[in-house]
């Protein structure tokens, strides 16, 4: 009986530690759309860390998961690239993206043109507490992002993508 209680206690501690890690430190996420092609493909298995954005450690170019974005009447978790931070000015013109009047060199995109979707989100200053995100797949109709729904609250960020587990031929750090 003592051994059963001992094992039960160890299992309970392991479960609690695991739940705390998933809730506050890191978790696994599976990509279920193609808006981040060619960087991420449908079915990629990712590790997402949940601490850096809470400490103000977001950077342009980071790939983040975002909670509660309304897609077709339902709220979803989406994966996007951070293009601009609070107080940055974003402008989409002539098929290119500019941040603080400087054209972004975006070697990670699928296609070489970024089209405007909603004019009110094509030129703006990102409010305090928000970020501006875009998918890497900029082909028409392929990415629901800040061009459609505007800047995203930093509080909606679930985590920052740091590592790809699957597929094995793409195993490693995600940029």
Arrange 71, 133 by Cβ neighbour counts within 10 Å, fewest through most, would you? 71, 133
Whole angstrom only: what separates the Cα centroid of the stretch 126-144 from the Cα centroid of the stretch 60-92? 5 Å
So how much slack lies between residue 100 and residue 71, counting 0.36 nm per residue of separation and subtracting their Cα-Cα distance, in nm? 7.5 nm
Taking 7 Å along the Cα-to-C-beta vector as the label spot, tell me the residue 24-residue 55 distance in nanometres, rounded to one decimal. 1.4 nm
Proxy reagent accessibility, fewest Cβ within 10 Å first, across 144, 168: 168, 144
Students often get this wrong, so try it: which of (i) 18.7, 74; (ii) 17.2, 61; (iii) 15.5, 48 is Rg and Dmax of the Cα atoms in Å as calculated from the structure shown? (i)
Want the number for residue 107 to residue 8: 0.36 nm per residue separation, take away the alpha-carbon distance, what's left? 30.4 nm
Scoring the stretch 2-167 by relative contact order with C-alpha pairs under 8 Å, at least six apart, yields a percentage of 27 percent
Can you give the angle from 0 to 90° between the axis of helix 2-24 and the longest principal axis of the chain, with both taken from C-alpha atoms, to the nearest 10? 10 degrees
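Throughout, read-outs are computed from the coordinates displayed, never taken from laboratory work. Bear in mind the structure is a predicted one, so any value in this text is a computation, not a measurement. Virtual Cβ from ideal backbone geometry, glycine too; neighbours counted across all protein chains shown.
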